[in-house]
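Since the structure comes first, as structure tokens, the remarks are kept for the end.
Read the figures in this text as sums done on the coordinates, not as results from a lab. Small disclaimer: the values here were computed from a predicted structure and weren't measured. Neighbour counts run over all protein chains shown; Cβ positions are idealised from the backbone, glycine included.
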Amino acid sequence: MPAAAATRLTLVPAKPSRANAALALSRTRLRFSSDMRSKTGVHLGDGDEDSFMGSLYSGTARHVDIARNRLEATMEGTMEGSKTRIYAYRWVVLGAFMMVNLAVQLLWISYAPVTGPAAALYGVSDLRIGVFSMLFMIAFIPLSIPVSWAIDTLGWRRTVGFGSAMMGAFAVLRGLAGANYGLAFVATLGIAAAQPFLLNAWTKVPALWFPPKERATAVGLVTLANLVGTAAGMVLTPALAESVPIPTIQLYYGVFSAACAAVFILVSREKPATPPSDDAGQARSLMLDGLRHAFTVPSFRRYLVMSFIGLGIFNGVTTWIEAIVRPRGFGPQEAGNLGAVMLVAGVVGAVLLPAMSDKSGKRKPFIGLGLAMAIPGLAGLAFAPTYPLLCLSAAVLGFFLTSVMPIGMQYASEVARPTPEGTSNGLIQLFGQASVVFVYLMAALRGADGSFTVALIVASVLLLASAAISLSLKEST
């Protein structure tokens, strides 16, 4: 029982004399209220005091006991209610976290819309420029589990702060590499190694700072930041490349990333003084126990397969966007704009559908809907003959496929409990990044004319299979 409820008061019923009782009542009321404030920190309202004092005035021990018990119950409820609190500062923490995630996505995608010009700058093939993007997925595979352990053991703020500083330093180095492909490769590898430090905390931050009804929305906002970063890279890079050398563009991005890292380190906090909900303060399993438990949950295993397919398709399309439209006569500027259309639509989807999921308290229907409705968009990218149809297809694909990410990650963290959020999130991201094999497969399936039609058809079939798997998921609680 809380301290407030354990405080017992020895009270003497008032004397029958009305004059004496009135004076005693006034003094007792003041003394009682003061005592409650000093010992328990609870301020009683006039209604509570009047109810209690009325029983004192009645002059019966039975009424005193009834009133005292009523007050203790009121005070216990007050103290219990103070165990959780929602802080406005959660949005500051989330905003800083969103910015470093935005920055790493900007760095990841910045070569994709200028694959041809970058290949000419470094004197290498298109595939070796594509490797810059693939490095992020390759580096993720060995680092994901150790980083998840660090997030759950050392704290997400310390882990993300380290990754952010690492990202900023190597991003600046890549800008200073000039036309040296080897140095740019090493710097890109350093940025890629920093990425899991940021991505694996997606569900950890909402779990510590947000109430359950806002968590999918919070993950959706982090997804939004990632999409904005990717869209910015798609649009800004080819636009800037018209007048600015590619190494200088990379230096601009590096300085921006370092600034985002500095802001995060300054304003982020591990967790609020009081948790936002009861489950935010619950203990989680140790990491190895959590891993074992997660793999015993059928719905979690199925979602791992779905994330492998979904993120593989997303990464493949964004990595090869310029090469996909090049055989149809479109250049880097059109490719960048097409990628931006897909990602802006994804931003809208990542805001609307997770919020609808939170409001309804359901995850499964929105996951299945997103996967199924993304298929026409992917097929449109394969066959659309005109640029407007390509843009429409990209918008449909982005809106529905991207919205699955935040909902699915929150779903996975819920069905895998008591597996720590960093561990479950890390596994989802790990399987998604392991889909680098699909990115390479897309390049291998290119036609003699350079088209990606066969690769996009294969992707559509895989997305259909993923939508079918979603029907067997068990709703989270």
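How large is the Kirkwood hydrodynamic radius of region 142-238, counting all unique pairs of alpha carbons, in Å?
14.9
Mark the label point 7 Å from the Cα of T386 along Cα→Cβ and return the residues of region 316-336 whose backbone N is within less than 17 Å of it.
Taking a point 7 Å out along Cα→Cβ of T386, the residues of region 316-336 whose backbone N falls under 17 Å are 328-330.
Can you give the FRET efficiency to the nearest 0.05 for A88 and D289, using r as the Cβ-Cβ distance and R₀ = 30 Å?
FRET efficiency, A88 to D289: 0.30.
Give me the net charge of F431's neighbourhood, meaning all other residues with Cβ under 14 Å from the Cβ of F431; Lys, Arg count +1, Asp, Glu -1.
Within the 14 Å Cβ shell, the charges total +2.
Using the Karplus curve 6.51 cos²θ - 1.76 cosθ + 1.60 with θ = phi - 60°, work out ³J(HN,Hα) for each residue of region 363-372 in order, rounded to whole Hz, and write x for Gly and Pro.
With the stated coefficients, region 363-372 comes to 10, 3, x, 6, 5, x, 4, x, 5, 5 Hz.
Taking 22 Å as R0, compute the FRET efficiency from the Cβ-Cβ separation of A120 and V186 and round it to 0.05.
0.55
Once the piece of chain linking S243 and K474 is laid out straight, how much longer is it, given 0.36 nm per residue of separation minus the C-alpha distance between them?
The S243-K474 span can extend by a further 77.9 nm.
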